Amino acid sequence: MSDWNVSTTPASPSRRKLLAAMGAGAGVAWSGSALAQTPATTLKCSGAYTDALFHTQNLQQFASQVGSLTQGATKIEVVSNSKLMPMKDVLPALGKGDLALGEIFMSNFGQQYPLLAIDSLPFIVRGFPEAQRLWEATRQPIQDLLQKQGVHVLYAAAWPGQGLFSRAPINKLEDLKGLKFRVNNDATKYIAEVAGALPVDIAANNLAKAIQAGNVDVMVTSSTTGVDSQAWNAMGYFIDMRAWIPKNLVCISAQVWAKLPAATKTAMETAAKQAEARSWQLAKDAD
Ligand code: PCA
């Protein structure tokens, strides 16, 4: 396991007291002296989006809640904007234990794990309540699938419905022919191919630059990503299709998870539950 993703520092005397109190309160079977020696652990978390985006803010809130619930014993350092690694590398890195935590766009991994493409099938859900039901129905198999890859799912975070942005009006399928169609999963790639467009795979954090450079004519994404990538500078047309409501998954390496003290696991589960509930509300508000 690389040490740049998990680091430890000695516990300060005041934190040691808090740790001892927390351990006792949570019924954790650690002695005061064992806790006194427990170093603070910092876990790095790879975020795929800009600081201003609601997903990153929610992730930061999750991280700071874990910090406060563990009285500073476990700190999560969110590194946003894929500065640690490209999002496509996050799942394998978590599986190998080279990365502690990370946020991924679930359907981006649909080619490798078809189950992860389930929330990006067009027109399967017609709104947030149905999207939530789809998640409830698929959460367990998705968790089981990723667990086998060495990845423990903490929470899912929804995006607003996906619409079509374009430089020129799109009235029929043929209007997409030959256009540079930005893709971020199998669903968008398939649509681009069927329409005779040119699929260009661009991560969300590189989208603003790509649009500005003229490398994207059309894309299917949320209103929030449209704003985040300043799509209006180049794309004056938007069809509010709400074709699917995809999700991010925030995950921890199963190797890292297995080594966490029980109280930290409980703190992470509590914070994850709240982050998941917040994300659905944030997605609705942002739309
Ligand atoms: N924005 C991200 C994922 C879905 C969305 O709305 C993107 O376009 O990659």
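Helix 262-286 versus the longest principal axis of the chain: what angle, 0 to 90°, nearest 10, using Cα atoms? Approximately 30 degrees, to the nearest ten. Of all beta bridges that DSSP places with both ends in the range 162-253, some 55 percent have antiparallel geometry. With K and R counted +1 and D and E -1, the other residues having a Cβ less than 13 Å from that of Leu84 yield a net charge of -1. Charged neighbours of Gly214, selected by a Cβ distance under 15 Å, balance to +3 (K, R count +1; D, E count -1).
Taking the helices alone, the chain has a mean residue ellipticity at 222 nm of -12500 deg cm²/dmol, built from -39,500 (n - 2.57) per DSSP H run of at least 4 residues and averaged over all its residues. Considering only Cα-Cα distances, which of the following residue pairs are longer than 31 Å: Lys148/Lys209; Lys96/Lys177; Lys148/Lys247; Lys148/Lys180? Cα-Cα > 31 Å for Lys148/Lys209; Lys96/Lys177; Lys148/Lys180; rest within. Of all DSSP-defined beta bridges confined to the chain, some 60% are antiparallel rather than parallel.
Rounded to the nearest whole Hz, the Karplus-based 3J(HN,Hα) values (6.51 cos²θ - 1.76 cosθ + 1.60, θ = phi - 60°) of the range 39-56 follow the sequence x, 6, 10, 10, 10, 7, 10, 8, x, 9, 10, 5, 4, 6, 6, 4, 5, 5, with x at glycine and proline.
Solvent exposure of the range 136-259 amounts to 44 Å² per residue of accessible area, where only protein heavy atoms count and the probe is 1.4 Å.
Over the C-alpha trace of the chain, radius of gyration and Dmax come out as 20.6, 71 angstrom.
For Gly226, neighbours were defined as the other residues whose beta-carbon sits under 12 Å from its Cβ, and their charges (Lys and Arg +1, Asp and Glu -1) total -2. Here's the picture: a label point sits 7 Å out from the Cα of Glu136 along the beta-carbon direction, and within the range 146-161 the residues with their amide nitrogen under 16 Å of it are 156. In a reduced charge model with +1 at each Lys and Arg Cβ and -1 at each Asp and Glu Cβ, the chain shows a dipole moment near 580 debye about its Cα centre.
Could you work out how far the C-alpha centroid of the range 168-182 sits from that of the range 186-260, in angstrom? With the range 168-182 and the range 186-260 each reduced to a Cα centre, they are spaced 16 Å.
The values are calculated or read from the model by the stated rules, or taken from the named source; none is laboratory data. Everything quoted here is computed from the prediction, not taken from an experiment. Using ideal geometry, Cβ is built from the backbone for each residue, glycine included, and neighbour counts are taken over all protein chains shown. Side chains are part of the model used for accessible areas, which takes the heavy atoms of the whole protein and leaves out ligands, DNA and RNA. Shrake-Rupley method; radii C 1.70, N 1.55, O 1.52, S 1.80 Å.
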